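*Asks:* Below are the C-alpha coordinates for one structure; questions will follow.
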Amino acid sequence: MSADTMRAVVQDTFGGPEVLRVAEVPRPQPLPTEVLVRVHAAGINPVDWKTRGGTGMAGLLGEPPFTLGWDVSGVVEEVGFGVTTLEVGDEVYGMPWFPRVANAYAEYVTAPARQFARKPATLDHVHAAAVPLAALTAWQAVVDTAHVQAGQRVLITAAAGGVGHFAVQFARHLGAHVIATASAARHPWLKELGANRSIDYTTTRFEDAAADIDIVIDLVGDAHDLTSTRSLKVLRPGGLLVAIPQGVSPELAQAADAAGVRVTAFLVEPDGAALTAIAGLIDAGEVAVEVEQTFPLEQAGAAHARGEAGRTRGKLVLTSTN
Ligand SMILES: NC(=O)c1ccc[n+]([C@@H]2O[C@H](COP(=O)([O-])OP(=O)(O)OC[C@H]3O[C@@H](n4cnc5c(N)ncnc54)[C@H](OP(=O)(O)O)[C@@H]3O)[C@@H](O)[C@H]2O)c1
(Lines give C-alpha, C1' and ligand atoms only; values in the text may rest on other atoms or scores of the structure.)
Protein backbone atom coordinates (compact mmCIF):
# COMPACT_ATOMS: atom_id res chain seq x y z
CA MET A 1 0.00 0.00 0.00
CA SER A 2 1.41 3.41 -0.97
CA ALA A 3 1.15 6.69 0.99
CA ASP A 4 -1.58 7.75 -1.45
CA THR A 5 -3.86 4.81 -0.70
CA MET A 6 -5.59 3.25 2.29
CA ARG A 7 -7.75 0.28 3.21
CA ALA A 8 -11.50 0.84 3.33
CA VAL A 9 -14.64 -1.28 3.51
CA VAL A 10 -16.51 -0.87 0.24
CA GLN A 11 -19.67 -2.31 -1.28
CA ASP A 12 -20.42 -2.54 -4.98
CA THR A 13 -24.12 -3.34 -4.64
CA PHE A 14 -26.87 -3.01 -2.06
CA GLY A 15 -27.35 -6.29 -0.23
CA GLY A 16 -26.66 -8.36 2.87
CA PRO A 17 -23.57 -8.25 5.11
CA GLU A 18 -21.65 -10.29 2.48
CA VAL A 19 -21.45 -7.30 0.11
CA LEU A 20 -18.95 -5.59 2.44
CA ARG A 21 -15.30 -6.13 1.40
CA VAL A 22 -11.96 -4.47 2.15
CA ALA A 23 -10.30 -2.72 -0.81
CA GLU A 24 -7.37 -0.39 -1.40
CA VAL A 25 -8.71 3.06 -2.31
CA PRO A 26 -7.26 6.60 -2.66
CA ARG A 27 -6.47 8.33 0.62
CA PRO A 28 -8.52 11.56 0.97
CA GLN A 29 -6.89 15.02 1.12
CA PRO A 30 -8.16 17.71 3.49
CA LEU A 31 -9.59 20.86 1.86
CA PRO A 32 -9.38 24.26 3.59
CA THR A 33 -11.20 24.09 7.01
CA GLU A 34 -10.89 20.29 7.02
CA VAL A 35 -8.68 17.83 8.88
CA LEU A 36 -7.34 14.44 7.81
CA VAL A 37 -7.90 11.97 10.65
CA ARG A 38 -6.14 8.62 10.94
CA VAL A 39 -8.99 6.38 12.07
CA HIS A 40 -8.27 4.04 14.98
CA ALA A 41 -11.85 2.87 15.44
CA ALA A 42 -15.20 3.35 13.72
CA GLY A 43 -18.54 2.87 15.47
CA ILE A 44 -21.33 0.84 13.86
CA ASN A 45 -24.93 2.05 13.86
CA PRO A 46 -28.25 0.66 12.57
CA VAL A 47 -28.26 3.35 9.84
CA ASP A 48 -25.13 1.64 8.47
CA TRP A 49 -26.80 -1.71 7.84
CA LYS A 50 -30.03 -0.08 6.71
CA THR A 51 -28.05 1.96 4.14
CA ARG A 52 -26.03 -1.10 3.12
CA GLY A 53 -29.26 -2.84 2.25
CA GLY A 54 -30.71 0.06 0.27
CA THR A 55 -32.80 1.91 2.90
CA GLY A 56 -31.47 4.21 5.67
CA MET A 57 -29.53 7.01 3.96
CA ALA A 58 -29.19 5.09 0.68
CA GLY A 59 -31.41 7.57 -1.14
CA LEU A 60 -28.96 10.35 -0.26
CA LEU A 61 -25.80 8.37 -0.99
CA GLY A 62 -26.98 7.12 -4.38
CA GLU A 63 -25.90 3.86 -6.01
CA PRO A 64 -22.82 1.96 -4.69
CA PRO A 65 -19.86 1.78 -4.74
CA PHE A 66 -19.48 3.66 -1.47
CA THR A 67 -17.98 3.29 1.99
CA LEU A 68 -20.27 3.28 5.01
CA GLY A 69 -19.74 4.65 8.48
CA TRP A 70 -20.07 7.95 10.31
CA ASP A 71 -18.52 7.35 13.76
CA VAL A 72 -14.80 8.04 14.02
CA SER A 73 -12.16 8.13 16.75
CA GLY A 74 -8.60 8.82 15.68
CA VAL A 75 -5.66 11.19 15.46
CA VAL A 76 -5.33 14.35 13.36
CA GLU A 77 -2.74 13.62 10.67
CA GLU A 78 -2.99 16.83 8.60
CA VAL A 79 -4.83 20.13 8.94
CA GLY A 80 -6.18 22.07 5.96
CA PHE A 81 -5.73 25.80 5.46
CA GLY A 82 -7.64 27.90 7.96
CA VAL A 83 -8.02 25.32 10.75
CA THR A 84 -7.12 26.91 14.09
CA THR A 85 -8.96 24.68 16.56
CA LEU A 86 -7.09 21.40 15.97
CA GLU A 87 -3.45 20.44 15.43
CA VAL A 88 -1.58 17.46 14.04
CA GLY A 89 -1.47 14.80 16.75
CA ASP A 90 -4.73 15.77 18.47
CA GLU A 91 -6.93 12.83 19.46
CA VAL A 92 -10.44 13.52 18.16
CA TYR A 93 -13.82 11.90 17.77
CA GLY A 94 -16.87 12.82 15.73
CA MET A 95 -19.78 11.99 13.44
CA PRO A 96 -18.78 14.05 10.41
CA TRP A 97 -20.85 14.72 7.32
CA PHE A 98 -24.03 12.93 8.42
CA PRO A 99 -26.30 12.34 6.48
CA ARG A 100 -23.86 12.73 3.55
CA VAL A 101 -21.31 9.98 3.02
CA ALA A 102 -18.42 10.12 5.54
CA ASN A 103 -16.42 6.98 4.63
CA ALA A 104 -15.69 6.15 8.26
CA TYR A 105 -15.05 2.41 7.69
CA ALA A 106 -11.57 3.30 6.45
CA GLU A 107 -8.06 4.08 7.64
CA TYR A 108 -8.39 7.84 6.99
CA VAL A 109 -11.25 10.34 6.92
CA THR A 110 -11.40 14.03 6.00
CA ALA A 111 -14.08 16.34 7.38
CA PRO A 112 -14.65 19.90 8.61
CA ALA A 113 -12.59 20.44 11.77
CA ARG A 114 -15.56 21.71 13.75
CA GLN A 115 -17.51 18.51 13.23
CA PHE A 116 -14.93 16.82 15.49
CA ALA A 117 -14.21 17.34 19.18
CA ARG A 118 -11.35 16.26 21.39
CA LYS A 119 -11.76 12.60 22.33
CA PRO A 120 -12.74 11.99 25.99
CA ALA A 121 -9.38 11.66 27.74
CA THR A 122 -10.58 8.73 29.86
CA LEU A 123 -11.63 6.62 26.86
CA ASP A 124 -9.56 4.58 24.44
CA HIS A 125 -10.33 4.96 20.72
CA VAL A 126 -12.64 1.93 20.69
CA HIS A 127 -14.92 3.39 23.35
CA ALA A 128 -14.66 6.92 21.92
CA ALA A 129 -15.77 5.62 18.49
CA ALA A 130 -18.85 4.14 20.15
CA VAL A 131 -20.02 7.57 21.28
CA PRO A 132 -20.71 10.12 18.52
CA LEU A 133 -23.81 9.08 16.54
CA ALA A 134 -25.55 7.29 19.40
CA ALA A 135 -24.73 9.90 22.04
CA LEU A 136 -25.52 12.85 19.75
CA THR A 137 -28.87 11.23 18.96
CA ALA A 138 -29.60 10.81 22.66
CA TRP A 139 -28.37 14.34 23.47
CA GLN A 140 -30.29 16.03 20.69
CA ALA A 141 -33.45 14.07 21.58
CA VAL A 142 -33.29 14.40 25.38
CA VAL A 143 -31.67 17.83 25.73
CA ASP A 144 -32.26 19.81 22.52
CA THR A 145 -35.65 18.44 21.41
CA ALA A 146 -37.48 17.28 24.56
CA HIS A 147 -35.77 19.74 26.95
CA VAL A 148 -36.04 17.16 29.74
CA GLN A 149 -36.36 18.79 33.16
CA ALA A 150 -35.68 17.53 36.69
CA GLY A 151 -38.63 15.57 38.03
CA GLN A 152 -40.12 14.71 34.66
CA ARG A 153 -41.06 11.12 33.92
CA VAL A 154 -39.25 9.84 30.84
CA LEU A 155 -39.87 6.48 29.14
CA ILE A 156 -37.05 5.21 26.90
CA THR A 157 -37.71 2.20 24.66
CA ALA A 158 -34.77 0.00 23.55
CA ALA A 159 -32.87 1.49 26.47
CA ALA A 160 -30.12 -1.15 26.35
CA GLY A 161 -28.98 -0.28 22.82
CA GLY A 162 -26.51 2.24 21.53
CA VAL A 163 -28.74 5.32 21.70
CA GLY A 164 -30.81 4.07 24.62
CA HIS A 165 -27.95 3.59 27.08
CA PHE A 166 -26.87 7.20 26.51
CA ALA A 167 -30.45 8.51 26.68
CA VAL A 168 -30.97 6.82 30.07
CA GLN A 169 -27.83 8.45 31.43
CA PHE A 170 -28.52 11.93 30.01
CA ALA A 171 -32.13 11.93 31.26
CA ARG A 172 -31.04 10.75 34.69
CA HIS A 173 -28.23 13.35 34.76
CA LEU A 174 -30.89 16.02 34.18
CA GLY A 175 -32.82 14.72 37.20
CA ALA A 176 -35.60 12.89 35.38
CA HIS A 177 -37.38 9.77 36.63
CA VAL A 178 -36.35 7.23 33.98
CA ILE A 179 -38.34 4.16 32.94
CA ALA A 180 -36.60 1.86 30.47
CA THR A 181 -37.77 -1.00 28.27
CA ALA A 182 -35.34 -3.89 27.78
CA SER A 183 -35.16 -7.65 28.18
CA ALA A 184 -34.81 -8.79 31.81
CA ALA A 185 -31.11 -9.66 31.59
CA ARG A 186 -30.32 -5.98 30.94
CA HIS A 187 -32.22 -4.61 33.95
CA PRO A 188 -29.42 -4.68 36.58
CA TRP A 189 -27.07 -2.87 34.17
CA LEU A 190 -29.71 -0.27 33.29
CA LYS A 191 -30.24 0.35 37.02
CA GLU A 192 -26.50 1.02 37.34
CA LEU A 193 -26.81 3.53 34.48
CA GLY A 194 -29.60 5.35 36.30
CA ALA A 195 -32.90 3.81 35.20
CA ASN A 196 -35.38 4.04 38.09
CA ARG A 197 -37.39 1.15 36.67
CA SER A 198 -37.13 -1.25 33.74
CA ILE A 199 -39.97 -3.04 31.97
CA ASP A 200 -39.29 -6.40 30.29
CA TYR A 201 -40.78 -5.89 26.84
CA THR A 202 -40.70 -9.65 26.19
CA THR A 203 -43.29 -10.33 28.91
CA THR A 204 -45.06 -7.02 29.54
CA ARG A 205 -46.58 -4.38 27.30
CA PHE A 206 -45.13 -1.12 28.55
CA GLU A 207 -48.48 0.66 28.25
CA ASP A 208 -49.81 -1.74 30.92
CA ALA A 209 -46.95 -0.87 33.27
CA ALA A 210 -46.31 2.87 32.84
CA ALA A 211 -48.50 5.99 32.87
CA ASP A 212 -48.33 9.78 33.33
CA ILE A 213 -45.16 9.99 31.24
CA ASP A 214 -43.97 13.48 30.23
CA ILE A 215 -41.66 12.36 27.44
CA VAL A 216 -41.21 9.14 25.47
CA ILE A 217 -37.93 8.66 23.64
CA ASP A 218 -38.97 5.86 21.28
CA LEU A 219 -36.09 3.93 19.77
CA VAL A 220 -38.15 0.98 18.50
CA GLY A 221 -40.68 2.57 16.16
CA ASP A 222 -43.97 1.53 14.62
CA ALA A 223 -42.35 -1.14 12.45
CA HIS A 224 -42.08 -3.29 15.59
CA ASP A 225 -45.44 -3.96 17.18
CA LEU A 226 -46.62 -0.35 16.63
CA THR A 227 -44.36 0.80 19.45
CA SER A 228 -44.61 4.54 18.64
CA THR A 229 -48.40 4.41 18.41
CA ARG A 230 -48.65 2.36 21.62
CA SER A 231 -46.43 4.83 23.43
CA LEU A 232 -49.03 7.59 22.92
CA LYS A 233 -51.14 5.78 25.55
CA VAL A 234 -48.61 6.31 28.36
CA LEU A 235 -48.22 10.07 27.85
CA ARG A 236 -49.94 12.58 30.10
CA PRO A 237 -52.01 15.23 28.25
CA GLY A 238 -49.63 17.51 26.36
CA GLY A 239 -46.74 15.06 26.73
CA LEU A 240 -44.20 14.58 23.94
CA LEU A 241 -43.21 11.54 21.88
CA VAL A 242 -39.85 11.80 20.11
CA ALA A 243 -40.22 9.17 17.36
CA ILE A 244 -36.65 8.30 16.43
CA PRO A 245 -36.50 5.31 14.04
CA GLN A 246 -39.16 6.04 11.41
CA GLY A 247 -40.30 9.55 12.23
CA VAL A 248 -43.99 10.50 12.20
CA SER A 249 -46.41 8.90 9.75
CA PRO A 250 -49.68 10.71 9.01
CA GLU A 251 -51.47 8.00 11.03
CA LEU A 252 -49.18 8.56 14.02
CA ALA A 253 -49.64 12.34 13.80
CA GLN A 254 -53.41 11.88 13.71
CA ALA A 255 -53.38 9.46 16.65
CA ALA A 256 -51.26 11.89 18.69
CA ASP A 257 -53.67 14.70 17.91
CA ALA A 258 -56.64 12.60 18.95
CA ALA A 259 -54.86 11.65 22.19
CA GLY A 260 -54.02 15.28 23.02
CA VAL A 261 -50.27 14.69 23.00
CA ARG A 262 -47.39 15.95 20.88
CA VAL A 263 -45.15 13.98 18.55
CA THR A 264 -42.02 14.96 16.65
CA ALA A 265 -39.74 13.30 14.13
CA PHE A 266 -36.02 13.44 14.65
CA LEU A 267 -32.77 13.18 12.68
CA VAL A 268 -29.35 13.51 14.31
CA GLU A 269 -26.92 16.25 13.12
CA PRO A 270 -23.14 16.65 13.49
CA ASP A 271 -22.34 18.87 16.49
CA GLY A 272 -18.75 19.23 17.70
CA ALA A 273 -19.78 21.50 20.58
CA ALA A 274 -22.22 18.91 21.93
CA LEU A 275 -19.50 16.25 21.62
CA THR A 276 -17.26 18.45 23.79
CA ALA A 277 -20.03 18.67 26.41
CA ILE A 278 -20.57 14.89 26.23
CA ALA A 279 -16.80 14.28 26.59
CA GLY A 280 -16.92 16.41 29.74
CA LEU A 281 -19.65 14.21 31.25
CA ILE A 282 -17.73 11.06 30.31
CA ASP A 283 -14.46 12.33 31.76
CA ALA A 284 -16.28 13.40 34.94
CA GLY A 285 -17.51 9.82 35.36
CA GLU A 286 -21.15 10.88 34.86
CA VAL A 287 -21.68 8.85 31.68
CA ALA A 288 -20.40 5.34 30.91
CA VAL A 289 -19.87 3.93 27.41
CA GLU A 290 -20.71 0.29 26.73
CA VAL A 291 -19.01 -1.60 23.90
CA GLU A 292 -20.24 -5.16 23.49
CA GLN A 293 -17.77 -6.32 20.84
CA THR A 294 -15.10 -5.11 18.41
CA PHE A 295 -14.36 -6.40 14.91
CA PRO A 296 -11.44 -5.72 12.52
CA LEU A 297 -12.33 -3.91 9.27
CA GLU A 298 -12.19 -7.28 7.44
CA GLN A 299 -15.10 -8.51 9.59
CA ALA A 300 -17.42 -5.58 8.94
CA GLY A 301 -19.97 -8.01 7.50
CA ALA A 302 -19.95 -10.14 10.67
CA ALA A 303 -20.31 -6.97 12.73
CA HIS A 304 -23.36 -5.93 10.71
CA ALA A 305 -24.91 -9.38 11.09
CA ARG A 306 -24.42 -9.15 14.86
CA GLY A 307 -25.97 -5.68 14.98
CA GLU A 308 -28.89 -6.57 12.78
CA ALA A 309 -29.88 -9.32 15.20
CA GLY A 310 -31.14 -6.39 17.30
CA ARG A 311 -29.85 -7.52 20.70
CA THR A 312 -26.66 -5.48 21.10
CA ARG A 313 -25.89 -4.27 24.61
CA GLY A 314 -24.45 -0.80 23.97
CA LYS A 315 -22.33 -0.63 20.83
CA LEU A 316 -20.33 -2.57 18.23
CA VAL A 317 -17.07 -1.03 16.93
CA LEU A 318 -14.70 -1.67 14.00
CA THR A 319 -10.99 -1.39 14.67
CA SER A 320 -8.27 -0.42 12.20
CA THR A 321 -4.74 -1.84 12.38
CA ASN A 322 -3.64 1.55 11.05
N1 LIG B 1 -33.48 9.48 13.66
C2 LIG B 1 -32.19 9.43 13.96
O3 LIG B 1 -31.45 10.40 13.81
C4 LIG B 1 -31.61 8.16 14.52
C5 LIG B 1 -30.33 8.18 15.10
C6 LIG B 1 -29.83 7.02 15.68
C7 LIG B 1 -30.58 5.85 15.67
N8 LIG B 1 -31.79 5.85 15.05
C9 LIG B 1 -32.61 4.62 15.03
O10 LIG B 1 -32.97 4.33 16.38
C11 LIG B 1 -33.05 2.91 16.55
C12 LIG B 1 -32.19 2.49 17.74
O13 LIG B 1 -30.81 2.69 17.43
P14 LIG B 1 -29.68 2.03 18.34
O15 LIG B 1 -28.38 2.39 17.76
O16 LIG B 1 -29.92 2.33 19.78
O17 LIG B 1 -30.00 0.46 18.07
P18 LIG B 1 -29.34 -0.83 18.68
O19 LIG B 1 -28.17 -0.47 19.53
O20 LIG B 1 -29.09 -1.78 17.58
O21 LIG B 1 -30.51 -1.41 19.60
C22 LIG B 1 -30.35 -2.68 20.15
C23 LIG B 1 -31.22 -2.79 21.39
O24 LIG B 1 -32.61 -2.80 21.02
C25 LIG B 1 -33.29 -3.47 22.06
N26 LIG B 1 -34.60 -3.86 21.56
C27 LIG B 1 -34.87 -4.53 20.42
N28 LIG B 1 -36.23 -4.66 20.29
C29 LIG B 1 -36.79 -4.05 21.37
C30 LIG B 1 -38.13 -3.85 21.80
N31 LIG B 1 -39.18 -4.28 21.08
N32 LIG B 1 -38.33 -3.16 22.95
C33 LIG B 1 -37.29 -2.72 23.68
N34 LIG B 1 -35.99 -2.89 23.33
C35 LIG B 1 -35.76 -3.55 22.18
C36 LIG B 1 -32.39 -4.60 22.44
O37 LIG B 1 -32.60 -4.83 23.81
P38 LIG B 1 -32.56 -6.32 24.42
O39 LIG B 1 -31.16 -6.82 24.16
O40 LIG B 1 -32.87 -6.11 25.86
O41 LIG B 1 -33.58 -7.11 23.65
C42 LIG B 1 -30.97 -4.05 22.17
O43 LIG B 1 -30.30 -3.68 23.34
C44 LIG B 1 -32.64 2.31 15.20
O45 LIG B 1 -33.80 2.04 14.46
C46 LIG B 1 -31.84 3.41 14.54
O47 LIG B 1 -31.82 3.34 13.13
C48 LIG B 1 -32.32 6.96 14.47
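*Asks:* What helices (runs of 4 or more DSSP H) lie completely within segment 183-275 and have 1 or more residues being over 17 Å from residue 170 (Cα atoms), charged (D, E, K, R) and open to solvent by less than 40 Å² (accessible area, probe 1.4 Å)?
*Replies:* 227-231
*Asks:* Restricted to segment 211-235, and to residues that are touching a residue at least 40 places away in the same chain (Cβ under 8 Å) and more than 30 Å from residue 285 (Cα to Cα), which residue is farthest from the ligand (Cβ to nearest atom)?
*Replies:* Initial filter on segment 211-235 (touching a residue at least 40 places away in the same chain (Cβ under 8 Å)): 212-220, 227, 231, 234.
Those left that are additionally more than 30 Å from residue 285 (Cα to Cα): 212, 227, 231, 234.
Working: 212: 20, 227: 6, 231: 11, 234: 14 Å.
The selected residue is 212.
*Asks:* Turning to a different aspect of this structure: Return the only residue of 143, 126, 76 being of a type outside the set (D, E, K, R) and touching a Leu at 6+ places or on another chain (Cβ under 7 Å).
*Replies:* On inspection, the qualifying residue turns out to be 76.
*Asks:* Right, another one. Inside segment 96-120, can you point out the residues that are touching a strand residue (DSSP E or B) at 6+ places or on another chain (Cβ under 8 Å) and either open to solvent by 40 Å² or more (accessible area, probe 1.4 Å) or over 29 Å from residue 302 (Cβ atoms) (or both)?
*Replies:* 97, 101, 103, 112, 113, 115, 117, 118
*Asks:* Moving to a separate point now. Determine whether segment 181-204 contains at least one residue that is within 21 Å of residue 260 (Cα to Cα) and aromatic (Phe, Trp, Tyr).
*Replies:* No - not one qualifying residue is present in segment 181-204.
*Asks:* Looking at segment 258-278, I want the residues that are closer than 10 Å to residue 140 by Cβ and have a partner that is within 16 Å of the ligand (Cβ to nearest atom) and part of a strand (DSSP E or B) with Cβ atoms under 6 Å, at least 6 apart or on another chain. Which pairs are those?
*Replies:* 266/242
*Asks:* Would you check if residue 154 is under 25 Å from residue 70 (Cα atoms), surrounded by 18 or more Cβ atoms within 10 Å (Cβ to Cβ) and more than 8 Å from the ligand (Cβ to nearest atom)? Spell out how you get there, then give the answer.
*Replies:* Values: under 25 Å from residue 70 (Cα atoms): no; surrounded by 18 or more Cβ atoms within 10 Å (Cβ to Cβ): yes; more than 8 Å from the ligand (Cβ to nearest atom): yes.
Answer is no for this residue.
*Asks:* Could you please give the count of residues in segment 56-100 that are farther than 19 Å from residue 266 by Cα and more than 15 Å from the chain's Cα centre (by Cα)?
*Replies:* Looking only at that region, the number is 26.
*Asks:* Further question: Report, by residue number, each residue of segment 149-171 that is under 13 Å from residue 215 (Cα atoms), outside any strand (DSSP E or B) and in contact with a strand residue (DSSP E or B) (Cβ under 6 Å, 6 or more places away or on another chain).
*Replies:* Taking segment 149-171 and keeping what is under 13 Å from residue 215 (Cα atoms), we get 149-157, 167-168, 171.
Checking the rest, the ones that are also outside any strand (DSSP E or B) come to 149-152, 157, 167-168, 171.
Result: 152, 157, 167, 168, 171.
*Asks:* Pairs please, first residue from segment 54-65 and on the phi > 0 side of the Ramachandran plot, second anywhere and among the hydrophobic types (A, V, I, L, M, F, W, C) and assigned to a loop (DSSP other than H, G, I, E, B), Cβ atoms under 9 Å, 6+ apart in sequence or on different chains.
*Replies:* From residues that are on the phi > 0 side of the Ramachandran plot, the pairs are 54/14; 62/101.
*Asks:* Given the criteria of a type in the set (S, T, N, Q), surrounded by 17 or more Cβ atoms within 10 Å (Cβ to Cβ) and more than 12 Å from the ligand (Cβ to nearest atom), does residue 140 qualify?
*Replies:* Here the answer is no, as residue 140 does not meet what is asked.
*Asks:* To continue, here is another question. When you check residue 240 against the structure, is it of a type in the set (A, V, I, L, M, F, W, C), more than 14 Å from the ligand (Cβ to nearest atom) and in contact (Cβ under 8 Å) with a residue 40 or more places away in the chain, yes or no? Even if it seems obvious, please write down each step before you answer.
*Replies:* Numbers: of a type in the set (A, V, I, L, M, F, W, C): yes; more than 14 Å from the ligand (Cβ to nearest atom): yes; in contact (Cβ under 8 Å) with a residue 40 or more places away in the chain: yes.
Yes: the conditions hold for residue 240.
*Asks:* Name the residue, out of 167, 160, 130, 176, that is within 30 Å of residue 4 (Cα to Cα), buried (at least 19 other Cβ atoms within 10 Å of the Cβ) and either aliphatic (A, V, I, L, M) or near the ligand (Cβ under 9 Å from one of its atoms) (or both).
*Replies:* On inspection, the qualifying residue turns out to be 130.
*Asks:* Which residues, taken from segment 1-40, are farther than 25 Å from residue 86 by Cα, within 23 Å of the chain's Cα centre (by Cα) and among the hydrophobic types (A, V, I, L, M, F, W, C)?
*Replies:* Within segment 1-40, 9, 10, 14, 19, 20 meet the criteria.
*Asks:* Can you tell me which residue is most open to solvent (accessible area, probe 1.4 Å) among those in segment 302-321 that are modelled with pLDDT of 95 or more and either closer than 16 Å to residue 104 by Cβ or assigned to a strand (DSSP E or B) (or both)? Before the answer, list the steps.
*Replies:* Kept after step one, since they are modelled with pLDDT of 95 or more, are these residues of segment 302-321: 302-319.
Still in the running and either closer than 16 Å to residue 104 by Cβ or assigned to a strand (DSSP E or B) (or both): 303-304, 307, 315-319.
Numbers: 303: 0, 304: 0, 307: 4, 315: 7, 316: 6, 317: 0, 318: 1, 319: 40 Å².
The qualifying residue most open to solvent (accessible area, probe 1.4 Å) is 319.
*Asks:* Return yes when residue 223 is within 17 Å of residue 156 (Cα to Cα) and in contact with a Pro (Cβ under 8 Å, 6 or more places away or on another chain) and no when it is not.
*Replies:* In short, yes.
*Asks:* A further question on this structure: For segment 69-79, give me each residue that is within 13 Å of the ligand (Cβ to nearest atom) and not in a strand (DSSP E or B). Break it down stepwise before answering.
*Replies:* Initially, segment 69-79 is screened for residues within 13 Å of the ligand (Cβ to nearest atom), giving 70-71.
70 - this is the single residue of segment 69-79 that is within 13 Å of the ligand (Cβ to nearest atom) and not in a strand (DSSP E or B).
The values are calculated or read from the model by the stated rules, or taken from the named source; none is laboratory data. Source: prediction; values computed, not measured. No Cβ is skipped: glycine too gets one built from the backbone with ideal geometry, and neighbour counts run over all protein chains shown. These area figures cover heavy atoms from the full protein model, side chains too; ligands, DNA and RNA do not enter into them. Shrake-Rupley method; radii C 1.70, N 1.55, O 1.52, S 1.80 Å.
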